[in-house]
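The values are calculated or read from the model by the stated rules, or taken from the named source; none is laboratory data. In this text, all values refer to a predicted model and were calculated from it rather than measured experimentally. Backbone-built Cβ (ideal geometry, glycine too); neighbour counts: all protein chains shown.
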């Protein structure tokens, strides 16, 4: 089955440590996205990539970094510079077309202790 | 800039009640409009979509009509079930590269 996988589902880290969240898709989609979701808030865009080896900052990129070395993979690193990293992180991909429909992974809940 | 406004929740209903979740938008162009649903602890799933004025999106008994004159895309269902309990997000895509989401509306359906 085609889809998006994120791992791990739950992640715990100590304050000051960098952590990398995995996102893989086998939908052959060019565009991929990372969102952050906090309780009572909508999704906020962290970074997105429309093609391999290229990515752009979203609305809340500070304290995060990404890479896009392969079409199917778009890992997100939460650095120690991110002031409040505890959140639910969602990865999505988009195959283009007129609808611009995004497909989402199951999410990773990061808790920084 | 573009934005989406949803009614605040939670919306609490009894099973078989009629559901409306309001969504209005602001956009400079002619956006595509979406409703996504998020069940507890999961990612978002596309529920329905519409790409131009007067289009009606529908899926699993849910419907929403793209109203350009009122810049709205309200979600409706005639008879909700307990299994419909989730958070519903309205979203728009204007430039074809990013989605802009509302803050989400939690629906709670009781038997």
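Go over the candidates A:35, A:48 one by one and state the one that is closer than 23 Å to residue B:33 by Cβ, touching a residue at least 24 places away in the same chain (Cβ under 8 Å), at the interface with chain B (Cβ under 10 Å from one of its Cβ atoms) and crowded, with 19+ Cβ neighbours inside 10 Å. Steps first, please.
Working: A:48 fails: touching a residue at least 24 places away in the same chain (Cβ under 8 Å).
Testing whether each residue is closer than 23 Å to residue B:33 by Cβ, touching a residue at least 24 places away in the same chain (Cβ under 8 Å), at the interface with chain B (Cβ under 10 Å from one of its Cβ atoms) and crowded, with 19+ Cβ neighbours inside 10 Å leaves just A:35.
If you check B:27, B:91, which single one turns out to be out of contact with any helix residue (DSSP H, G or I) (no Cβ under 6 Å at 6 or more places or on another chain), within 12 Å of chain A (Cβ to nearest Cβ), touching a residue at least 60 places away in the same chain (Cβ under 8 Å) and closer than 26 Å to residue A:33 by Cβ? Give the derivation first.
Details: B:27 fails: within 12 Å of chain A (Cβ to nearest Cβ).
Result of the check over B:27, B:91: B:91.
Take residue A:94 and tell me if it is more than 9 Å from every other protein chain (Cβ to nearest Cβ) and at pLDDT below 95. Don't jump to the end; show me each part of the working.
Numbers: more than 9 Å from every other protein chain (Cβ to nearest Cβ): no; at pLDDT below 95: yes.
No, not satisfied.
Residues of the stretch A:1-18 being surrounded by 15 or more Cβ atoms within 10 Å (Cβ to Cβ) and within 9 Å of residue A:110 (Cα to Cα), which ones? Working first, answer last.
First pass over the stretch A:1-18, keeping only residues surrounded by 15 or more Cβ atoms within 10 Å (Cβ to Cβ): A:4, A:6, A:11, A:13.
Residues satisfying the conditions are A:11, A:13.
Out of (1) closer than 27 Å to residue A:55 by Cβ; (2) at pLDDT 95 or above, what's the single condition that is false for residue B:81?
Only one criterion is unmet by residue B:81, namely (1).
Return the residues of the stretch B:47-71 that are within 14 Å of chain A (Cβ to nearest Cβ) and over 20 Å from residue B:30 (Cα atoms); say none if nothing qualifies. Walk me through how you get there before you give the answer.
Filtering the stretch B:47-71 down to residues within 14 Å of chain A (Cβ to nearest Cβ) leaves B:47-52, B:55, B:57, B:59, B:66.
The answer is B:47, B:59.
Hey, can you tell me all the residues within the stretch A:9-21 that are assigned to a strand (DSSP E or B) and either in contact (Cβ under 8 Å) with a residue 60 or more places away in the chain or at positive phi (or both)?
Step one: list which residues in the stretch A:9-21 are assigned to a strand (DSSP E or B), which gives A:10-13, A:19-21.
Selection gives A:10, A:11, A:12, A:13, A:19, A:21.
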